[in-house]
1. In percent, what relative contact order does the stretch 93-188 have, based on Cα pairs under 8 Å that are 6 or more apart in sequence?
2. Give the aspartates and glutamates whose C-alpha is closer than 16 Å to that of LYS97, dropping any in the same chain fewer than 8 places away, or say none.
3. Taking a 22 Å limit on the Cα-Cα distance, which of the listed pairs LYS114/LYS188; LYS76/LYS196; LYS162/LYS196; LYS112/LYS196 fall beyond it?
4. Taking amide H positions as placed in the peptide plane 1.01 Å from N, state which residues far from ILE228 in sequence (5 or more) or on other chains have amide H under 5 Å from it.
5. Provide the net charge surrounding LEU176, with neighbours chosen by a C-beta distance below 14 Å and charges set as Lys +1, Arg +1, Asp -1, Glu -1.
6. So what are the ³J(HN,Hα) numbers for the stretch 123-135, from phi and the Karplus equation (6.51, -1.76, 1.60; θ = phi - 60°), rounded to whole Hz, Gly and Pro as x?
7. Compute the relative contact order of the stretch 40-91 as a whole-number percentage, counting only Cα pairs closer than 8 Å that sit 6 or more residues apart in sequence.
8. Quick check on the exposure proxy: order GLU175, GLU92 from fewest to most C-beta atoms within 10 angstrom.
Amino acid sequence: MKINVVLSPANVDELYFSGKTTVVVDVLRATTTIITALMNGAKEIVPVGSVEFAMKASSNMFGGQTLICGERNAKKIDGFNLGNSPLEFATEVIGGKSLVFFTTNGTKAIVKAKYSDEVIIASFLNLSAVAKYLAELNKPFEILCAGRNSSFCLEDTVFAGKLISEITSLSQDVELSDSGLASVSIAKTFGKNLKKMFSESEHGKFLIENGFEEDLKYCAKLNITDDIPMYATNIIKILHQQNSERQVSGLSTIS
Ligand code: MLT
């Protein structure tokens with residue numbers, strides 16, 4: 001199984017993902033928040049690539065059952081219901097609701113991967129579940145790091161390296177691209193203490209400066225869920241694995 005890491009979405013175009021299996025990661029904070037929202041009972045998430053489209057998409061959905069969420073410069077956008085802190089996405093707030101979600105790097109990366117055969121949403125929260133799933137799938141795949149402002153970022157690369165190491169411990173049949181090899185090495189250097197690595201990273205420092213230090217602690221939680229969100233037909237839902245048949249639950253009113 002060949003594994004490649006795309007270190008920034010700017011390195012490829014949408015068609016690059018055509019027919020591939022892609023894991024999208026933005027550990028600080030978009031994919032951590034998406035996983036948290038679904039874990040806490042959100043019905044579905046519609047990731048979008050612009051604020052304008054978020055407004056349009058939410059106006060086509062059912063009033064009261066839809067929340068519009070996301071950030072600009074880490075802060076909640078005027079007129080949105082929620083920002084991008086995973087700590088905001090409690091069951092009482094988002095349970096049963098559809099969430100239209102825009103973030104600066106994370107949701108754009110997810111939308112960029114839309115031509116993939118399969119798009120998996122990952123973070124440290126579900127790393128082991130994703131590793132097990134991919135090892136069993138035994139197909140080549142891409143890890144798309146959302147990065148920061150079209151550049152490399154440390155925290156997503158550390159995630160990529162740790163995911164690869166875990167898959168390598170589950171499967172004999174792994175071949176790595178150069179970026180895959182480099183990610184494993186970077187994870188060995190920086191991945192021993194995730195909270196510390198976050199607080200040394202550029203985006204981690206920015207989040208601390210903006211009052212989100214608690215989010216760093218939360219985003220560093222490892223393997224607190226087996227949920228594997230999948231992005232298909234414009235919507236993210238949790239994958240349910242039943243008798244080795246794979247299906248994404250229920251789809252949706254809005255596509
Ligand atoms: C993003 O998508 O750029 C991030 O999730 C930013 C943030 O920390 O809110």
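1. 27 percent
2. Correct list for LYS97: GLU44, GLU88.
3. The answer is LYS114/LYS188; LYS76/LYS196; LYS112/LYS196.
4. LEU239
5. It works out to a net charge of -2.
6. 7, 4, 4, 10, 3, 5, 5, 5, 4, 4, 4, 6, 5
7. 29 percent.
8. GLU92, GLU175
No value in this document is a laboratory result; all are computed from the given coordinates. Worth saying up front: this structure is predicted, and the values here are computed from it rather than measured. Glycine also receives a Cβ, built like all others from the backbone with ideal geometry; neighbour counts cover every protein chain displayed.
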